[in-house]
Amino acid sequence: MTTQSVSIKPERQLSIRRQRQLLPRPGIGQVRLNLGAVGLSPLGVQVVGTVDAVGREAVGFAAGDRVALRIPGSKPAFPRIASERDLIGIPKDISFDDAAAILPAGLMARTIVKQLRPIGRSNRVHIATDDFGADRFVAAWARHLGATVVSDADVQPTDVHITTADFAAARRWKFGHGLAQVAAADVFQLIREGAFAEVDVRIHPLGDATRIQNEIEQKRMAGPVVLMPADVTLAA
């Protein structure tokens, strides 16, 4: 019996330098991102991550900065290249999962309680149910301000009524350039102070993206849900 020896060559692997050369390059006013987490909810998709490279004339962010980006539509996606004008900076003491989960509805809640229906410490507030789940964040923000959130069964007078029309107006709200960062700073401060601690957030691996998005679209899951890549920890 004749045996034939076969040499097995190790699989060629690209160097880190070569891998970086193959990545898309940011253009004028753009940055390149590394994925940190993806937040899914009925409000859409929120991506958070770290700036990996900066294009010409992009002066607002530097490599290593932590940022958030809203993705149009409802399908989970992660663009490696983004305009710096579309980004919100994330402070170092705010985790990727908190930013991905809370920022979209948190910004909506801020618009309602600070601009559409200003709320103070002594107010009694009735909040309509929002089909997109933002009513939980508005209630959390109102309580944090010292207001009393009342139910439909409460017969005492209510001085602030937050309606479904208010939620619709908040979803259409557009922040001017730079003002989104100011609004986000308020959301981040409430995260630090534990205002949203009672909001249930589920964590899943990134590979569950399609299944989770289908469940949200079919209203079997309310969100927010955070999808984490395997190489990112919750402490990031």
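The values are calculated or read from the model by the stated rules, or taken from the named source; none is laboratory data. Remember, predicted model here, so these are calculated numbers, not experimental data. Glycine gets a Cβ as well: all are built from the backbone with ideal geometry, and neighbour counts include every protein chain shown.
Could you figure out which of (1) β-branched (Val, Ile, Thr); (2) crowded, with 16+ Cβ neighbours inside 10 Å; (3) free of Cβ contacts under 8 Å to residues at least 60 places away in the same chain isn't true of residue 102? Unmet condition: (3). Would a scan of the stretch 210-222 turn up a residue that is in contact with a helix residue (DSSP H, G or I) (Cβ under 7 Å, 6 or more places away or on another chain), closer than 28 Å to residue 113 by Cα and not aromatic (Phe, Trp, Tyr)? Scanning the stretch 210-222, I find at least one residue that is in contact with a helix residue (DSSP H, G or I) (Cβ under 7 Å, 6 or more places away or on another chain), closer than 28 Å to residue 113 by Cα and not aromatic (Phe, Trp, Tyr), so the answer is yes. Taking the criterion of being surrounded by fewer than 21 Cβ atoms within 10 Å (Cβ to Cβ) and within 13 Å of residue 33 (Cα to Cα), the residues of the stretch 85-98 that qualify are 86, 89. Each residue in the stretch 50-99 was checked for being in a helix (DSSP H, G or I) and either of a type outside the set (A, V, I, L, M) or at pLDDT below 95 (or both), and 6 pass.
So if I check each of 158, 164, 111, which one is surrounded by 14 or more Cβ atoms within 10 Å (Cβ to Cβ), modelled with pLDDT of 95 or more and not hydrophobic (A, V, I, L, M, F, W, C)?
Unique residue meeting the criteria: 111.
If the condition is being touching a residue at least 60 places away in the same chain (Cβ under 8 Å), of a type in the set (A, V, I, L, M, F, W, C) and out of contact with any Gly (no Cβ under 8 Å at 6 or more places or on another chain), then the stretch 134-174 contributes 134, 170, 173.
For the stretch 169-184, filtered to residues that are small (Gly, Ala, Ser) and surrounded by 13 or more Cβ atoms within 10 Å (Cβ to Cβ), the residue that is farthest from the chain's Cα centre (by Cα) is 169. Got at least one residue in the stretch 14-31 being at pLDDT 90 or above, assigned to a strand (DSSP E or B), out of contact with any Gly (no Cβ under 7 Å at 6 or more places or on another chain) and surrounded by 19 or more Cβ atoms within 10 Å (Cβ to Cβ)? Scanning the stretch 14-31 turns up no residue that is at pLDDT 90 or above, assigned to a strand (DSSP E or B), out of contact with any Gly (no Cβ under 7 Å at 6 or more places or on another chain) and surrounded by 19 or more Cβ atoms within 10 Å (Cβ to Cβ).
Within the stretch 36-73, can you find the residues that are crowded, with 17+ Cβ neighbours inside 10 Å and of a type in the set (Lys, Arg)? Listed by number, the residues that qualify are 66, 70. Of the candidates 111, 129, the single residue that is farther than 20 Å from residue 198 by Cβ and either under 21 Å from the mean Cα position of the chain (by Cα) or hydroxyl-bearing (Ser, Thr, Tyr) (or both) is 111. In the stretch 197-221, the residues that are among the basic types (Lys, Arg) form Cβ pairs under 7 Å with partners that are modelled with pLDDT of 90 or more, at six or more places apart or across chains, as follows: 202/225. Of the strands (runs of 3 or more DSSP E) lying entirely inside the stretch 128-236, those containing at least 1 residues that are in contact with a strand residue (DSSP E or B) (Cβ under 8 Å, 6 or more places away or on another chain), more than 25 Å from residue 64 (Cα to Cα) and not aliphatic (A, V, I, L, M) are 148-150, 160-162, 202-205.
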